[in-house]
């Protein structure tokens, strides 16, 4: 199906992109708002079952729920000034379903963050309007999300372009790609280890006066996760570590990580084994991470910006 749009008003251009996916279920339409604050997405083994949106309307927050709750829920929290740029989705008629439903959703924000949910199978479509931001959803629903469309509106203020450099990830090519985006600084790091190397990472960032918690990458084991917390005025300069091929794991994985700041070094999370790497750039600080992960961390890369402040 071709993507079409409708210009709804002349004074304040608002574009409604038609819902794509299945033709069954009940129609729903959240309308348009000033922006999206938070989303909860639920899915089972074959489809997106639940979509909850908290919208911003002036100084008020309004919640809209669609589909059927009862599956594991995953959250996207947007910080002030951040907005959803695009939604990539797939739809299919899985064997267990009576009709076509949305099977996966991938969100990209203005901060460069991407979040993927579900199982990428079936036909793909993208909800996006160049240089506009997403301000509402509509679609069809039943026991799952059958179809999805969106409203897009102009960006109210210019978002400054950060002179960021994304250094390529090192390690293996397994699992699913992830990218936390770009922030002002890194505040806290969580590293979980398994029997053979690093199984889990999560990062907490500073954006303006807000703390932003990144998504989980990999999977925690019974060993849990260790923390490395940066102090005020401290920033990351270099990420070092090792990666190697492990028996029973298809692709190489990260064996160890160590973080170096302008003031100190973290402990080494993991062992010295395999190929050593060092990520960083002189005169720059690390303000974001990206890589690939499955039940373990396969690769890791960093995004850096010139050091102009220690915020």
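The values are calculated or read from the model by the stated rules, or taken from the named source; none is laboratory data. Keep in mind that this is a model prediction, so the values were computed, not measured. Virtual Cβ from ideal backbone geometry, glycine too; neighbours counted across all protein chains shown.
Just checking, how many residues over region 169-187 are in a strand (DSSP E or B) and surrounded by fewer than 16 Cβ atoms within 10 Å (Cβ to Cβ)?
Taking region 169-187 as the starting set, the residues that turn out to be in a strand (DSSP E or B) are 169-171, 176-179, 185-187.
Pick out the ones that are also surrounded by fewer than 16 Cβ atoms within 10 Å (Cβ to Cβ) and you get 176-177.
Residues that pass the stated criteria total 2.
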Exercise for the section: Check off (1) at pLDDT below 95; (2) over 23 Å from residue 116 (Cβ atoms) for residue 249 and give me the number that stays unchecked. Expected result: (2)
Completion exercise
Picked from region 112-168 (must be at pLDDT below 95 and surrounded by 23 or more Cβ atoms within 10 Å (Cβ to Cβ)), the residue nearest to residue 237 (Cα to Cα) is 113
Practice task
Please give the number of the condition residue 191 fails out of (1) farther than 11 Å from residue 299 by Cα; (2) in a loop (DSSP other than H, G, I, E, B); (3) more than 17 Å from the chain's Cα centre (by Cα).
Solution key: (2)
Exercise for the section: Just need a number here: residues in region 284-309 that are in contact with a strand residue (DSSP E or B) (Cβ under 6 Å, 6 or more places away or on another chain), outside any strand (DSSP E or B) and surrounded by fewer than 19 Cβ atoms within 10 Å (Cβ to Cβ). Expected result: 1
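Residues 21, 35: which one is touching a residue at least 60 places away in the same chain (Cβ under 8 Å), within 20 Å of residue 108 (Cβ to Cβ) and within 22 Å of the chain's Cα centre (by Cα)?
Details: 21 fails: within 22 Å of the chain's Cα centre (by Cα).
Only one candidate passes the filter, namely 35.
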Problem - Members of region 194-208 found to be within 19 Å of residue 294 (Cα to Cα) and modelled with pLDDT of 95 or more, listed by number - result: 198, 199, 200, 201, 202, 203
Problem - Filtered residues of region 271-283 (kept if at positive phi and surrounded by fewer than 19 Cβ atoms within 10 Å (Cβ to Cβ)) - result: 280, 283
Practice task
Would you tally the residues in region 231-247 being surrounded by fewer than 20 Cβ atoms within 10 Å (Cβ to Cβ), touching a strand residue (DSSP E or B) at 6+ places or on another chain (Cβ under 9 Å) and not in a strand (DSSP E or B)?
Solution key: 4
Problem - Per-region count, region 204-219, residues outside any loop (DSSP other than H, G, I, E, B), in contact with a strand residue (DSSP E or B) (Cβ under 9 Å, 6 or more places away or on another chain) and surrounded by fewer than 21 Cβ atoms within 10 Å (Cβ to Cβ) - result: 5
